[in-house]
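These notes are about the structure you will find just below.
The values are calculated or read from the model by the stated rules, or taken from the named source; none is laboratory data. Remember, predicted model here, so these are calculated numbers, not experimental data. Every residue, glycine as well, gets a Cβ built from its backbone with ideal geometry; the counts of neighbours run over all protein chains shown. Note: accessible area is taken over every heavy atom of the protein model, side chains too, but ligands, DNA and RNA are not part of it. Shrake-Rupley method; radii C 1.70, N 1.55, O 1.52, S 1.80 Å.
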Number of protein chains: 2
Amino acid sequence: MHLSALAAGMRPSLLRHLLARASAPGVISFAVGVPDGELFPREDLAAATAAVLASPPGGLQYGVPLPALKERLVELMSLRGLSCRPEQIFLCSGAQQGLKLLGELLLGPGSHVMVEEVAYDGMRIAVSAENPRLLSVPTDPWEGIDLDALEERLAAGARPAFLYLIPEGHNPLGCSLGLAERRRLIELADRFDLLIVEDDACGLLHYEPVAPTLYSMAPERVIYVGTLSKILAPALRVGWLVVPEALIAPLSMLKQAMDFDTSTFAQHLACAFLASGRMGDHLARLRDEYRLRRDLVLAALETNFGPNARWSRPRSGLYVWLELPGEIDSEPLLETALEVEKVAFCPGSIYVVDEVDRPRSTLRLSFGGVPADLVEEGVARIARAARRFEEERGKEAVVCIPSRNPSKS
Amino acid sequence: MHLSALAAGMRPSLLRHLLARASAPGVISFAVGVPDGELFPREDLAAATAAVLASPPGGLQYGVPLPALKERLVELMSLRGLSCRPEQIFLCSGAQQGLKLLGELLLGPGSHVMVEEVAYDGMRIAVSAENPRLLSVPTDPWEGIDLDALEERLAAGARPAFLYLIPEGHNPLGCSLGLAERRRLIELADRFDLLIVEDDACGLLHYEPVAPTLYSMAPERVIYVGTLSKILAPALRVGWLVVPEALIAPLSMLKQAMDFDTSTFAQHLACAFLASGRMGDHLARLRDEYRLRRDLVLAALETNFGPNARWSRPRSGLYVWLELPGEIDSEPLLETALEVEKVAFCPGSIYVVDEVDRPRSTLRLSFGGVPADLVEEGVARIARAARRFEEERGKEAVVCIPSRNPSKS
């Protein structure tokens, strides 16, 4: 059997590998970007399911995208200050499918896509079939995309099909763009006719006041990507795009090739849950829980790591970016961490688009799936793994581990 | 915004358009290939849902494909005489996604795909992004693929990436391949190193004894495509491929780009239903119901159409292929049928790969979604629409309508 160049050229995903090893019993996993399964509104969804299944066909048939769900999503997005018509919403099987569809819609041979130097790997995977050239823009781990560098590249003639960005609760960096930066970004988009794909997967999980979405500031310049995965349940596989209405038809045709429908059952469940009016309370609970975990992660980093380590302080989302001293390569560190300390994280290298000059000593800590009472111990394990890693290599200990968290070894 | 050549070249799907118009109140629709929503095992699925949601994370989290579901599917496929290991099963979001993934896996620039002259349109849509050259093989509406013609093309040097076929309950033709033909097909596959993609979407919906699957006859020559859409519920979006184990990894990477996971919730529901042991009774009920409808369709065709019309007599599946006298073009006939008679079907032209010399007077009647008590009236409406169509064009009435079914007009 002869594989296509696309298939033959793919390399096994470290993330999938991690997903398997990190889910072993006893492992505290900051690895995969999951929400907490304990926080899923199972009782509300059970009630929604019973109601949907009660009369035939029970939401189980093929079907056109549910207009009622689109209306509910318009309401939901109003919480993000975003205003659009239901007819602009394109439902898809999770945000990932939305990104894949945007690739098929907008990219062809020779296309360019602009991304930050450190960017969500799922986006790069989504467009891999179109094999665009990735134009990377420097990004500051704590502040986000470098707008001077962006302007310079655009002024020099870069004309990407789009710029991909997570302005709020960046994955993996954990940072959010400030209001002034958003305004300048929109000015640049206007000046250089730049299309921005705004991924807002965690935008509703904010723990402090946030700036407006890029879409709400310049709907004509932005395609918005939303999802219920982080705020309701990933297994529903319900995501959406907000696009100019003229794009709904071509997107529908591309999606038909991919899987016909976004599960009408999942659409009905999501619609019933949103219609129940419980999302407000549910979001409040999620924010309280995840804010607590964020605070615990930040406190534990303060306790377990010394002044040579730096980390982000996210106001939104589920990710903290940790930079250790440069001697520590986080890929082999992960091996040590899993084997000796039973703790997992994502090496930052997964997210690095352009490897030149990027430190290899970075980690993404995804705290969404770690129960509050395990956060401190999990971070301590990472610190111990880092110290052991240094010791084994005869390096000076640059990761400071206070004596109240002695190494197990 | 600049669309890709793929997106810009797509034409609106007549099927989608039909789906909308055919679902209007009062329309009897033989148009879309749906199972009957009244036959979904809603109570069993409600019980399965309650059980799955009862404990966290309730099947609602991201996750790896469920090994338990693969084991149940192995059991299910044993009903098709098919034997494979769970590790050969690749779960996907419906069979359509399986076809799309096979396109990405096996096709590149300049690839060829072999299909019958009249073939399932979903397959052609699935591979449209790879834009393969379609090599069409003559097919007999009542007997299936012309094996002499196939041999001739292979002997002449045709080397497609694969031959796509629905050997049992063909969509749209309704025919099934005989045992001798299957044996000869496998011989040809062996002789010419031909890979066959066997789509068995309706293989478990058979009303008479059937021949073995191609996969069971030659697993090394065949990729099997299965789905729960027609026997459980389309909205679960659970389908699968049976492939050599070495293909699981590249398929997983391609799927990760497309939508990450097949809904773990749907996987859990399907697994719970299959584990409940209710599938046997459920299949028996489906076969009884759909056999009855098939018989009613065939009887109604006999009653309403004269000797100038011909149709298939399916032993499996949900489709009857109807050939009217050549003067009747089924595309404008559909307009008449919808507007005047409130009945819908799929014009055969949707399925024609190579339009040269194919009659345009063919119709696919999908009877799965038509309640038994509406079948006779539905077929009578099609006959009346055909007669009106002829009358309006001043043609001699070649569609025979017995006097007990007078035209409304």
- Message: For region A:106-118, check the following and say yes or no: at least one residue is closer than 22 Å to B:ASP261 by Cα and among the hydroxyl-bearing types (Ser, Thr, Tyr).
- Response: no
- Query: Do you know which residues across region B:25-42 are touching a helix residue (DSSP H, G or I) at 6+ places or on another chain (Cβ under 8 Å), within 8 Å of chain A (Cβ to nearest Cβ) and in a helix (DSSP H, G or I)?
  - Reply: B:ARG42
- Could you say whether any residue in region A:274-294 is surrounded by fewer than 24 Cβ atoms within 10 Å (Cβ to Cβ), of a type outside the set (D, E, K, R) and assigned to a loop (DSSP other than H, G, I, E, B)? yes
- Query: In region A:371-386, how many are buried (at least 24 other Cβ atoms within 10 Å of the Cβ) and not in a helix (DSSP H, G or I)?
  - Reply: 0
- Message: Tell me yes or no: at least one residue of region B:95-109 is surrounded by fewer than 23 Cβ atoms within 10 Å (Cβ to Cβ), at pLDDT below 95 and within 14 Å of chain A (Cβ to nearest Cβ).
- Response: yes
- Message: Just to be sure before I move on: is B:ARG21 of a type outside the set (A, V, I, L, M, F, W, C) and either touching a residue at least 24 places away in the same chain (Cβ under 8 Å) or more than 7 Å from chain A (Cβ to nearest Cβ) (or both) in the structure I sent?
- Response: yes
- Task: Test B:GLU198 against the stated conditions and say whether it is closer than 23 Å to A:MET1 by Cβ, assigned to a strand (DSSP E or B) and among the acidic types (Asp, Glu).
- Result: yes
- Item | Among (1) within 21 Å of the chain's Cα centre (by Cα); (2) open to solvent by 40 Å² or more (accessible area, probe 1.4 Å), the one test that B:ILE350 misses | (2)
- Within the group B:LEU251, B:LEU269, B:LEU334, which residue is in a helix (DSSP H, G or I) and either surrounded by fewer than 16 Cβ atoms within 10 Å (Cβ to Cβ) or away from chain A (no Cβ under 13 Å) (or both)? B:LEU334
- Has region A:381-388 got any residue that is at pLDDT 90 or above and under 24 Å from the mean Cα position of the chain (by Cα)? yes
- Note on the structure: Scanning region B:272-290 for residues that are of a type in the set (D, E, K, R) and touching a Leu at 6+ places or on another chain (Cβ under 9 Å), the one farthest from the other protein chains (Cβ to nearest Cβ) turns out to be B:ARG287
- Message: Given (1) touching a residue at least 40 places away in the same chain (Cβ under 8 Å); (2) open to solvent by less than 10 Å² (accessible area, probe 1.4 Å); (3) within 12 Å of chain B (Cβ to nearest Cβ), identify the lone condition not met by A:SER4.
- Response: (1)
- What pairs come up if the first residue lies in region A:174-195 and is in contact (Cβ under 8 Å) with a residue 12 or more places away in the chain, the second is assigned to a helix (DSSP H, G or I) and of a type in the set (Lys, Arg), and their beta carbons are under 8 Å apart, counting only those six or more places apart or on different chains? A:ILE186/A:ARG221; A:ALA189/A:ARG221; A:ASP190/A:ARG221; A:LEU194/A:ARG221; A:LEU195/A:ARG221
- Answer yes if at least one residue in region B:191-205 is open to solvent by 10 Å² or more (accessible area, probe 1.4 Å), modelled with pLDDT of 95 or more and among the β-branched types (Val, Ile, Thr), and no otherwise. no
- Item | Residues within region A:119-142 that are open to solvent by 20 Å² or more (accessible area, probe 1.4 Å), away from chain B (no Cβ under 14 Å) and either free of Cβ contacts under 8 Å to residues at least 60 places away in the same chain or among the aliphatic types (A, V, I, L, M) (or both), tallied | 5
- Item | Filter result (surrounded by fewer than 20 Cβ atoms within 10 Å (Cβ to Cβ) and either at the interface with another protein chain (Cβ under 7 Å from one of its Cβ atoms) or in contact (Cβ under 8 Å) with a residue 40 or more places away in the chain (or both)) within region A:53-64 | A:PRO56, A:VAL64
- Message: So the check is Cβ under 7 Å with 6+ separation or different chains; which pairs have a first residue in region B:371-384 that's within 17 Å of B:GLY306 (Cβ to Cβ) and a second one that's β-branched (Val, Ile, Thr)?
- Response: B:VAL379/B:VAL297; B:ARG381/B:ILE28; B:ARG381/B:VAL343; B:ILE382/B:VAL343; B:ALA383/B:VAL399; B:ALA383/B:ILE401; B:ARG384/B:ILE401
- Task: For A:PRO212, state whether it is in a loop (DSSP other than H, G, I, E, B), crowded, with 24+ Cβ neighbours inside 10 Å and at pLDDT 95 or above.
- Result: no
- Note on the structure: A:LEU318 passes all but one of the listed conditions (1) more than 22 Å from the chain's Cα centre (by Cα); (2) surrounded by 24 or more Cβ atoms within 10 Å (Cβ to Cβ); (3) among the hydrophobic types (A, V, I, L, M, F, W, C); the exception is number (1)
- Message: Six or more apart or on different chains, Cβ atoms under 8 Å: show the pairs whose first residue is in region B:317-341 and among the acidic types (Asp, Glu) and whose second is part of a helix (DSSP H, G or I) and open to solvent by 10 Å² or more (accessible area, probe 1.4 Å).
- Response: B:GLU331/B:SER349; B:GLU341/B:ARG381; B:GLU341/B:ARG384; B:GLU341/B:ARG388
- Task: Determine whether B:ARG237 is among the charged types (D, E, K, R) and within 14 Å of another protein chain (Cβ to nearest Cβ).
- Result: yes
- Counting only residues that are in contact with a strand residue (DSSP E or B) (Cβ under 8 Å, 6 or more places away or on another chain) and open to solvent by 10 Å² or more (accessible area, probe 1.4 Å), how many does region B:29-44 have? 4
- Query: Only one of (1) touching a Cys at 6+ places or on another chain (Cβ under 6 Å); (2) more than 14 Å from chain B (Cβ to nearest Cβ); (3) not hydroxyl-bearing (Ser, Thr, Tyr) is not met by A:LEU150, so which one is it?
  - Reply: (1)
- Single residue of region A:235-248 satisfying the filter (open to solvent by 10 Å² or more (accessible area, probe 1.4 Å) and hydrophobic (A, V, I, L, M, F, W, C)) that is nearest to B:GLY63 (Cα to Cα): A:ILE248
- Sole residue being away from chain A (no Cβ under 11 Å), surrounded by fewer than 16 Cβ atoms within 10 Å (Cβ to Cβ) and touching a Leu at 6+ places or on another chain (Cβ under 8 Å), chosen from B:LEU73, B:LEU79: B:LEU79
